[in-house]
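**Student:** Here it is: the structure, laid out below.
The numbers here are math on the coordinates, done by the rules we state, and not lab data. These figures come from a predicted structure and were not determined experimentally. Glycine also receives a Cβ, built like all others from the backbone with ideal geometry; neighbour counts cover every protein chain displayed.
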Amino acid sequence: AGGAAPIIQARGLVKTFGQTQALRGIDLDIDRGEVVAIMGPSGSGKSTLLHALAGVIVPDAGTVTVDSRVISVLREPERAALRLRKFGFVFQFGQLLPDLTALDNVTIPLLLAGRKRADAIRQSSAWLDRLGLAGEARQLPGELSGGQAQRVAIARALVMKPMVLFADEPTGSLDSLAAENVLTAMLDLVREEGTTVVMITHDPRTAAYADREVIVRDGQLSAAHAPQTLTSATP
Ligand code: ADP
Ligand code: MG
């Protein structure tokens, strides 16, 4: 929203693994409700950037501010609590517990948050419904298609109404038709909910659904192409 502080503000992020400089000074602002696509070659630092923004890792230098709170100085237990309360995550593979039904997978975060079972089931069913999975609620992950399994993972990430959804190649394991369907379903929901999204993608069509593309090369941001610029490029 105009004039409001960015929901995420990163300044001077540096992260080194051994000899590898994964991040070499990244500044990035993300606005509330914005959908940002992070693109760039393999190994360029995209996942490391996402992990730093989400407080999964702490940068060697630089700061990450989320909702006006500097999170890059927090210890892991506090960052873990923040991630649980405010963030949802979707990854490329292997996110669902294989012995639980689709519905039970989605209820987990609600049950962990202390919600009553009946309420958790009602909420989770509604999210599966919104993702076109009403008929698959009782199936095990192994019985689902790749696209259906990703939808369940998306439902589980959104059921807690996260402030920010972080997605690392959420459709990277899918064929292009399934990828398109999963992505449009996810983005329809986050637009309805006003959820801020930071998603890594290799698919240029994916980026077309974003408000803004951010390109990472060699641990730095390169000039970003902005289909609909919502933020100014300078602080
Ligand atoms: P991308 O997501 O763009 O493919 P990453 O952020 O995963 O890139 O990795 C950036 C660079 O940092 C790569 O050279 C990668 O090998 C290295 N790297 C990432 N994570 C680790 C780690 N935990 N240990 C060692 N090297 C890592
Ligand atoms: Mg990656």
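**Student:** Which log10 I(q)/I(0) values does the chain give at q = 0.09 Å⁻¹ under the Debye formula, counting every alpha carbon as one identical point scatterer?
**Tutor:** -0.37
**Student:** Angle between the Cα long axis of helix 102-112 and the longest principal axis of the chain, 0 to 90 degrees, nearest 10?
**Tutor:** Orientation of helix 102-112: about 60 degrees from the principal axis.
**Student:** Send over the per residue convex hull volume for the range 2-74, Cα only, as a whole number of Å³.
**Tutor:** Spelled out: Cα convex hull of the range 2-74, divided by residues, is 88 Å³.
**Student:** Among rounded, prolate and oblate, which fits the range 129-186 when a ≥ b ≥ c are the square roots of the eigenvalues of its C-alpha gyration tensor, a/c under 1.5 means rounded, and a/b larger than b/c means prolate?
**Tutor:** On the way: a/c = 1.71, a/b = 1.09, b/c = 1.57.
Note, shape of the range 129-186 comes out oblate.
**Student:** Counting DSSP beta bridges in the chain, what percent are antiparallel, to the nearest 5?
**Tutor:** On the way: 18 of 35 bridges.
Here the share of antiparallel DSSP bridges comes out near 50 percent.
**Student:** Quick check on the exposure proxy: order Ile7, Ile26 from fewest to most C-beta atoms within 10 angstrom. Don't skip to the end; give the middle numbers.
**Tutor:** Working: Ile7 20, Ile26 23.
So the ranking, lowest neighbour count to highest, is Ile7, Ile26.
**Student:** Mark the label point 7 Å from the Cα of Ala5 along Cα→Cβ and return the residues of the range 57-94 whose backbone N is within less than 12 Å of it.
**Tutor:** 65-71
**Student:** How much of the calculated P(r) for the range 72-150 lies past 15 Å, in percent of all Cα pairs?
**Tutor:** Working: 1893 of 3081 pairs.
When every Cα pair of the range 72-150 is considered, 61 percent fall beyond 15 Å.
**Student:** Explain nothing, just the number: dipole magnitude of the chain about its Cα centre with +1 on each Lys and Arg Cβ and -1 on each Asp and Glu Cβ, in debye rounded to the nearest 20. Write out the running numbers ahead of the final one.
**Tutor:** Numbers: 24 positive and 25 negative charges, 139 e Å.
Approximately 660 debye in magnitude.
**Student:** Which of Ala157, Ala126, Ala54 ends up with the largest GNM mean-square fluctuation for the chain, with Cα atoms connected below 10 Å?
**Tutor:** Taking springs between Cα atoms under 10 Å, the residue moving most is Ala126.
**Student:** Is the C-alpha gyration tensor of the range 26-163 telling us rounded, prolate or oblate? Criteria: a/c under 1.5 is rounded; beyond that, a/b larger than b/c is prolate, otherwise oblate.
**Tutor:** Details: a/c = 2.28, a/b = 1.65, b/c = 1.38.
Prolate, because a/c is 1.5 or more and a/b exceeds b/c.
**Student:** Here is a further query. Could you list Glu193, Glu213 in order of exposure, starting from the residue whose Cβ has the fewest other Cβ atoms within 10 Å? Write out the running numbers ahead of the final one.
**Tutor:** Details: Glu193 14, Glu213 19.
Taking fewest neighbouring Cβ atoms as first place, the list is Glu193, Glu213.
**Student:** Which listed residue (Val70, Thr16, Gly45) has the Cα farthest towards the positive end of the charge dipole for the chain, taking +1 on Lys and Arg C-beta and -1 on Asp and Glu C-beta about the Cα centre?
**Tutor:** Val70
**Student:** Cut-off is 10 Å between beta-carbons; in what order do Val14, Val182 appear when sorted fewest neighbours first?
**Tutor:** Numbers: Val14 16, Val182 24.
The most exposed by this proxy come first: Val14, Val182.
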